[in-house]
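Working notes, beginning with the structure itself.
The values are calculated or read from the model by the stated rules, or taken from the named source; none is laboratory data. In this text the structure is predicted, and so the values were computed from the model without any measurement. Reconstructed Cβ throughout: ideal geometry from the backbone, glycine too, with neighbour counts over all protein chains shown. What goes into the accessible areas is simple: the full protein's heavy atoms, side chains included, and nothing from ligands, DNA or RNA. Shrake-Rupley method; radii C 1.70, N 1.55, O 1.52, S 1.80 Å.
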Amino acid sequence: DGGITQSPKYLFRKEGQNVTLSCEQNLNHDAMYWYRQDPGQGLRLIYYSQIVNDFQKGDIAEGYSVSREKKESFPLTVTSAQKNPTAFYLCASRNRNTGELFFGEGSRLTVL
Amino acid sequence: GQNIDQPTEMTATEGAIVQINCTYQTSGFNGLFWYQQHAGEAPTFLSYNVLDGLEEKGRFSSFLSRSKGYSYLLLKELQMKDSASYLCAVRRKASNDYKLSFGAGTTVTVRA
């Protein structure tokens, strides 16, 4: 089955630690995205990548970093510089023909 | 930037109809999406409108008026499983990129 897999589903982190969220897709999509979701707010774009070895900052990139070494993989690192990292993180890839985004199941990060 | 507004909450009775409105202001409009998201889960695609008019898909319909910056999602014959958050998302073209921005979502509660 084609789809997007995010891991871990739940993650706890101490303040000052970096953490990396995994996102893998086997849909053969070029474009991939990371969104953050907080209660009462819409999904906010952190980073996106239109093609391998290229990525762009979204609206709230500060305190985050990404890489796109392979088409299938787009990991997100939440660094200690991110002031309020507790949130639900969603990874997505886009069907080039329809524009539809396909989302992973999400990763819920809690900073203790 | 762009503003995407939708009501925060709506409640309806099983078997009834509910209409969720979404208004937006953006440049380079390139389509409007509706997604459904159950609590703690990934958003799933419901509909896509790029031209004015009504798109019907089973119990769900979506309408777009580009001149008014307005869309609605119509849910008919409501079922308990339709209790979820409904996200309006606007795509715009900026240079060579397509960006998708989300509203805060409308939480629909279906009561027996």
Those residues of the range A:70-101 which are assigned to a strand (DSSP E or B) and surrounded by fewer than 20 Cβ atoms within 10 Å (Cβ to Cβ) amount to A:Lys70, A:Ser73, A:Thr77, A:Phe88
Test result for B:Lys57, within 22 Å of A:Gly99 (Cβ to Cβ), open to solvent by 70 Å² or more (accessible area, probe 1.4 Å) and either among the β-branched types (Val, Ile, Thr) or more than 15 Å from the chain's Cα centre (by Cα) (or both): no
So which of A:Ser107, A:Ser49 is open to solvent by less than 10 Å² (accessible area, probe 1.4 Å), more than 20 Å from B:Lys99 (Cα to Cα) and of a type outside the set (A, V, I, L, M, F, W, C)? A:Ser107
Set A:Leu21, A:Leu27: member being under 17 Å from B:Ala42 (Cα atoms), more than 9 Å from chain B (Cβ to nearest Cβ) and in a loop (DSSP other than H, G, I, E, B): A:Leu27
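Conditions tested, residue by residue: (1) within 13 Å of chain A (Cβ to nearest Cβ); (2) part of a strand (DSSP E or B).
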residue	(1), (2)
B:Ala42	yes, no
B:Leu51	no, no
B:Leu54	no, yes
B:Ser61	no, yes
B:Ser67	no, no
B:Leu74	no, yes
B:Ser85	yes, yes
B:Arg91	yes, yes
B:Lys99	yes, yes
Quick check, is A:Phe55 within 9 Å of chain B (Cβ to nearest Cβ), of a type in the set (Phe, Trp, Tyr), open to solvent by 10 Å² or more (accessible area, probe 1.4 Å) and outside any loop (DSSP other than H, G, I, E, B)? no
Kindly indicate which of A:Gly106, A:Gly16 is facing chain B (nearest Cβ under 9 Å) and out of contact with any helix residue (DSSP H, G or I) (no Cβ under 7 Å at 6 or more places or on another chain). A:Gly106
So, in the range A:53-106, of the ones that are in contact (Cβ under 8 Å) with a residue 60 or more places away in the chain and over 23 Å from B:Phe33 (Cα atoms), which residue ends up farthest from the chain's Cα centre (by Cα)? A:Ser80
Which members of the range B:18-40 meet the condition of being in a strand (DSSP E or B) and either open to solvent by 60 Å² or more (accessible area, probe 1.4 Å) or under 18 Å from B:Thr107 (Cα atoms) (or both)? B:Val18, B:Gln19, B:Ile20, B:Asn21, B:Cys22, B:Thr23, B:Gln25, B:Phe33, B:Trp34, B:Tyr35, B:Gln36, B:Gln37
Set B:Ala42, B:Ala12: member being of a type in the set (Gly, Ala, Ser) and in contact with a Leu (Cβ under 6 Å, 6 or more places away or on another chain): B:Ala12
Those residues that are out of contact with any strand residue (DSSP E or B) (no Cβ under 6 Å at 6 or more places or on another chain) and more than 8 Å from chain B (Cβ to nearest Cβ), I need them from the range A:33-51; list them, please. A:Pro39, A:Ile51
